[in-house]
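J.: Got a structure for you, written out below as structure tokens; questions coming shortly.
The values are calculated or read from the model by the stated rules, or taken from the named source; none is laboratory data. Only a predicted model underlies this, so the values are computations on that prediction, with no experimental measurement involved. Glycine gets a Cβ as well: all are built from the backbone with ideal geometry, and neighbour counts include every protein chain shown. Accessible surface is based on the protein model in full, side chains and every heavy atom, while ligands, DNA and RNA are left aside. Shrake-Rupley method; radii C 1.70, N 1.55, O 1.52, S 1.80 Å.
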Amino acid sequence: MSMDKPSNTFPSNTADNILAAAQRFIVAGGYNGFSYADIAEVVGIRKASIHHHFPSKADLVQTLVRRYLDDAVTGMTELERNVPGRPELLRTYAGFWAQCIEDASRPFCVCALLASELPVLPPGVAVEVRAYFQFLSGWLTRVFERGAEQGTLTIAAAPRVEAEAFMATVHGAMISARAYGDVLTFGMILAPTLQKLIPATN
């Protein structure tokens, strides 16, 4: 599944290597946790080369988040094509993140981290972060709507509300897993939520 592709799937060229390095630094320390000097050292280029591709840090992170969203759109489309059942869509989405956290290929959602810094982010970056959340909320809302219509998901509130609650649970579980330093925490938190939403027959 290509949903939210790990950074090491970027094609091997300078701009993409810069983006991949920026993604790793953001996951490790947030927007202000790195500089162009840090990226230059990791990628093995001069800072001037980074400025050539991305004139400012805001340009760099804005491009990164836009690509993150594009990958998510592609991944969700592929997921729905391969996993038609709504209960299995939710299980697969949660399982994707559980696996990423467990093998450290993507231990935290870049947009979730940046959302926690939203008040201090450059406006262009903030717009892209909000666009990611709006997309994810819309996708999950459609999953819940269809699941409720088919009777394959049990919801206690409007589909949009359930979507927002599920999204918040996933991101909150990421925070708890990081706080406790225990990768199994993520799955432990998601399990009762999935049990509540998915009837035993599914």
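J.: Give the relative contact order (percent, whole number) for the chain; include only Cα pairs under 8 Å separated by 6+ residues.
T.: Details: 202 pairs, mean separation 43.4, N = 202.
Relative contact order here is 21 percent.
J.: With +1 assigned to the C-beta of every Lys and Arg and -1 to the C-beta of every Asp and Glu, and no other charges, what is the dipole magnitude of the chain about the Cα centre in debye, to the nearest 20?
T.: On the way: 17 positive and 19 negative charges, 29 e Å.
Result for the chain is approximately 140 debye, rounded to the nearest 20.
J.: Continuing with the same structure: So if R0 is 30 Å, what FRET efficiency would Ala158 and Asp103 give, r being the distance between their Cβ atoms, rounded to the nearest 0.05? Let's see the in-between values first.
T.: Numbers: r = 35 Å, r/R0 = 1.18.
After rounding, the FRET efficiency stands at 0.25.
J.: Enter the accessible area per residue of the chain (Å², integer; probe 1.4 Å; all protein chains in place).
T.: Details: 9540 Å² over 202 residues.
Dividing the accessible area of the chain by its residue count gives 47 Å².
J.: Based solely on its DSSP helices, what 222 nm [θ] is calculated for the chain when runs of n ≥ 4 H residues each add -39,500 (n - 2.57) and the sum is averaged over all residues, nearest 500 deg cm²/dmol? All intermediate terms of the calculation are to be shown ahead of the outcome.
T.: Details: 9 runs with 145 residues, N = 202.
Counting only the DSSP helices, I get -24000 deg cm²/dmol.
J.: Still on this structure, I have one more. Ignoring ligands, DNA and RNA, what percent of the 1.4 Å accessible area of the stretch 51-202 is carbon and sulfur?
T.: Working: 4110 of 7190 Å².
Using a 1.4 Å probe with all protein chains present, the stretch 51-202 comes out at 57 percent carbon and sulfur.
J.: With a point put 7 Å past each Cα toward its Cβ, work out how far Ser176 is from Ala131 in nm, to one decimal.
T.: Simple spin-label model gives 3.3 nm for this pair.
J.: Please compute the length gained on full extension between Met188 and Val120, using 0.36 nm multiplied by the number of residues separating them and subtracting their Cα-Cα distance.
T.: 21.2 nm
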